[in-house]
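The values are calculated or read from the model by the stated rules, or taken from the named source; none is laboratory data. Keep in mind that what you see is a predicted model, and the values were worked out from it rather than measured. Please note: Cβ atoms are built from the backbone with ideal geometry, for glycine as well, and neighbour counts cover all protein chains shown. These accessible areas exclude ligands, DNA and RNA; they are computed on the full protein's heavy atoms, side chains included. Shrake-Rupley method; radii C 1.70, N 1.55, O 1.52, S 1.80 Å.
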Amino acid sequence: MRGIVLGFFLLLISFNSERAFAGTVTMPSTLTTDTTDFVLLSSSGTTPSISGYTGTLLLSAVASDGNIKVTSVTSLMRAAGYCSYTNDNANEPSNCTGSSLTEIGFRGTQDNINNALATLSFKGDGTAGSPTITVSVTPVGTNYFSGNGHYYEIVQSNGIDWDDAKTAAEASTYEGLTGYLVTITSAAENSFVSGKINKNAWMGASDNSSYTSNTHATTEGTWEWVSGPENGKTFTCQPSGQGRGAVAAHEDCEVHSDTTYENWDGSEPNDCCDSGIENIGDEDYLHIKANGKWNDYDIDTTVNYYIIEYGGMPGETATSTGQTTLTINSTEASGSTYNAFDDKQVSGMVNAQTEHAKRFMFNTTNQVMRRMEQFRRVGINKSTSIKDVRLVLADKHNNYKDHIPPELLNYYIDEYKNLSTENINNLISELPLSKYLKENFGMTPNNWAFWTAGSINKGRLSFGTDYDLGTTNRTEGYIIGTDVNYNDGSLFGIAFRHEDDRTNLGTKDSTRFLARSDSISLYNTWHGSEKNFIDSFLGYGETTYDTTRLVDASNPSNVVKGEFKANQIFTSIKYNFKNTYKNLKIHNYSRFDFGFVDFDGYSETGDSNSKLKFDGRYLQTSSISLGSAIEREINLPTSLFIPYLKVDFNKDLTDGSDIKANFVGETTKYNTTIDKNFNSMFILETGFDWVFRDGWNIKSVISRLDKNGFGHENMFELRAVRSTQSLY
């Protein structure tokens with residue numbers, strides 16, 4: 001008969017273990033907010049939900065600190081052990097809407113549970129700065145204990161002895177985990193099991209010599225766990241002959257250090273019954289009462305329930321995604337050490353904005369410096385027609401007025417609607433700068449040359465992977481300039497530059513920004529002697545940033561956005577010394593760069609409570625460079641070809657930039673210092689100037705910037721100048 005009963009329950013457990021139950025619990029991975037009062041978890045931008053489940057489910061949520069609740073329990077059912085309910089029934093669990101609960105649970109279908117999860121809320125205790133909420137979903141009859149990550153199932157047997165219950169439990173599985181008769185090793189676990197199951201049921205321990213470990217003597221009263229990961233560990237020593245309930249250590253018994261917890265009821269274990277009753281000494285098997293206390297029973301006693309525990313077995317990992325944990329940053333808590341800039345998405349984005357500002361000033365300065373190098377390399381500077389300079393990379397427009405900052409030239413653009421051959425000289429003549437140069441230095445626009453260049457840069461800074469953020473950037477820029485040769489070997493000019501920079505952070509591009517920059521610059525090269533000359537540069541720029549920041553790494557669509565501007569003033573001075581060796585020209589130089597950036601403050605927008613309001617900040621940059629360039633003139637039948645190679649070592653002297661921010665609607669300020677990411681750059685550049693007899697001067701540049709092992713940037717530039725006369 002025992003075999004038939006055991007076979008039936010093994011079949012039942014096998015059937016239950018094969019049911020499809022591999023759904024998903026969706027929760028925000030973090031929520032940062034003031035939790036003085038209840039706040040919806042959905043305010044993080046991610047609404048808690050479950051998917052992929054069928055049938056009637058048990059959902060539970062437990063907070064490590066503070067309180068949780070749902071405000072909607074429509075069509076849900078009560079669950080034993082949750083929200084003060086002692087048994088399952090079909091009534092709605094209205095107690096789960098209370099304001100002083102650390103744990104809630106209820107039964108229902110997936111749709112009904114999702115309606116409730118959308119209202120799941122948390123309130124902090126004012127002390128814990130980083131509480132957690134663990135949500136789990138299991139089939140009815142199975143519970144998840146967040147204290148150890150194990151699952152528990154109550155099985156009704158209608159009369160089964162301990163031996164058969166142990167066999168049945170060890171034959172069961174749940175979501176890739178092997179079952180065993182429950183072993184309880186802490187008060188928290190005992191409270192959870194008794195509160196949720198609330199039945200008289202078999203547990204996985206014995207003092208029968210058939211089940212005790214070979215490492216201990218088979219002494220009556222030596223109670224050991226005989227199933228699961230605690231198999232063979234002693235938790236109670238009861239010397240024989242010392243009376244009912246005598247629990248003490250003796251020479252043949254030592255309690256294992258991992259299993260010191262026990263919860264015997266009254267005078268238990270009493271090894272059966274009062275004196276004179278048959279079978280004294282046969283109570284060798286552990287049993288938990290409905291009140292959570294433990295009792296010893298004999299092998300022939302049958303009970304109606306046993307408890308299966310899943311989890312903790314060596315080498316096993318659950319295949320289910322039926323539980324997840326949310327960490328809450330309670331910003332108001334006295335124990336909070338939270339800093340908004342600890343979020344690598346936040347610090348990474350601010351860091352990348354700093355690097356962009358430096359990169360923009362560096363690229364703009366270098367493009368103008370190359371123009372002065374080109375002038376000295378070719379040796380003459382003739383007037384050109386604007387219609388001959390239309391080569392601009394990465395831009396599809398031909399209307400040049402769109403590329404000049406409107407705030408600088410609004411009046412003149414209104415007067416000169418289109419920049420063309422007919423009116424370009426008139427436009428230049430009317431500029432205040434042109435008038436000043438003409439009146440004081442005799443420089444007239446008719447002697448000026450026009451040039452244009454386009455560039456494409458791609459770079460990467462690798463500070464780690466995933467959200468320990470590395471960055472990639474792609475920059476497309478163009479520049480148009482005009483200059484005049486006002487003295488023997490000396491040049492003065494003005495240039496306008498536009499740049500689009502797209503920067504992505506991490507292995508995903510949900511955190512990113514687009515920077516659109518415009519600048520105007522003045523430049524001058526002064527030829528003091530045949531071998532010595534000084535290049536100088538002064539620029540002003542304005543950048544508009546459009547930012548998109550990932551709030552929750554588990555939900556790439558959970559983002560907040562921002563828009564703000566930054567203004568830059570930057571300058572550079574370069575001392576050059578030229579030598580000639582055979583048919584080679586060698587240029588050695590030193591250079592100093594300085595810049596100042598004023599970032600506007602701004603507030604992010606979006607549905608998340610993690611929106612930040614950033615204060616304005618300042619960035620002061622400086623660097624020194626040492627370099628050498630070597631070039632050679634090659635005369636071709638109809639042109640002059642001048643290839644060159646340049647190496648440059650740049651030392652970054654920039655100090656850190658302090659930044660502050662607070663969450664939108666809150667007053668607590670967070671701050672950090674954004675330090676420079678690398679101290680130096682090594683630059684290798686090569687290219688050529690190709691001067692044709694018909695007046696065309698084409699320049700190509702390829703360079704590689706290695707940023708002190710943290711990353712690199714590759715740049716390609718193409719520029720063109722065409723003179724109205726032969727250039728040589």
**Asked** Restricting attention to region 187-198, does a residue exist that is open to solvent by 10 Å² or more (accessible area, probe 1.4 Å) and touching a helix residue (DSSP H, G or I) at 6+ places or on another chain (Cβ under 8 Å)?
**Response** no
**Request:** May I ask you to verify whether ASP125 is modelled with pLDDT under 95, under 21 Å from ASP37 (Cβ atoms) and among the acidic types (Asp, Glu)?
**Result:** yes
**Criterion (under 26 Å from LYS199 (Cβ atoms) and open to solvent by less than 10 Å² (accessible area, probe 1.4 Å)) met by exactly one of ALA80, ALA90, ALA61** = ALA61
**Message:** Show me the strands (runs of 3 or more DSSP E) found entirely inside region 646-716 where at least 1 residues are closer than 29 Å to LYS585 by Cα and either open to solvent by 60 Å² or more (accessible area, probe 1.4 Å) or not β-branched (Val, Ile, Thr) (or both).
**Reply:** 680-692, 696-706
**Prompt:** Can you find even one residue in region 303-312 that is among the polar types (S, T, N, Q) and modelled with pLDDT under 90?
**Reply:** no
**Message:** With the requirement that a residue be in a loop (DSSP other than H, G, I, E, B), of a type outside the set (Asp, Glu) and under 19 Å from THR354 (Cβ atoms), what does region 596-617 give you?
**Reply:** GLY601, GLY616
**Asked** Of the conditions (1) modelled with pLDDT of 90 or more; (2) out of contact with any strand residue (DSSP E or B) (no Cβ under 7 Å at 6 or more places or on another chain); (3) aliphatic (A, V, I, L, M), VAL664 fails just one. Which one is it?
**Response** (2)
**Prompt:** Hey, among TYR174, TYR151, which residue is under 30 Å from SER29 (Cα atoms), modelled with pLDDT of 90 or more and crowded, with 20+ Cβ neighbours inside 10 Å?
**Reply:** TYR151
**Asked** Pick from SER42, SER84, SER72: which is at pLDDT 90 or above and assigned to a helix (DSSP H, G or I)?
**Response** SER42
**Asked** In region 120-145, how many residues are crowded, with 21+ Cβ neighbours inside 10 Å and not in a strand (DSSP E or B)?
**Response** 3
**Asked** Which one is nearest to the chain's Cα centre (by Cα) among residues in region 570-590 that are crowded, with 16+ Cβ neighbours inside 10 Å, closer than 14 Å to LEU538 by Cβ and not hydroxyl-bearing (Ser, Thr, Tyr)?
**Response** PHE570
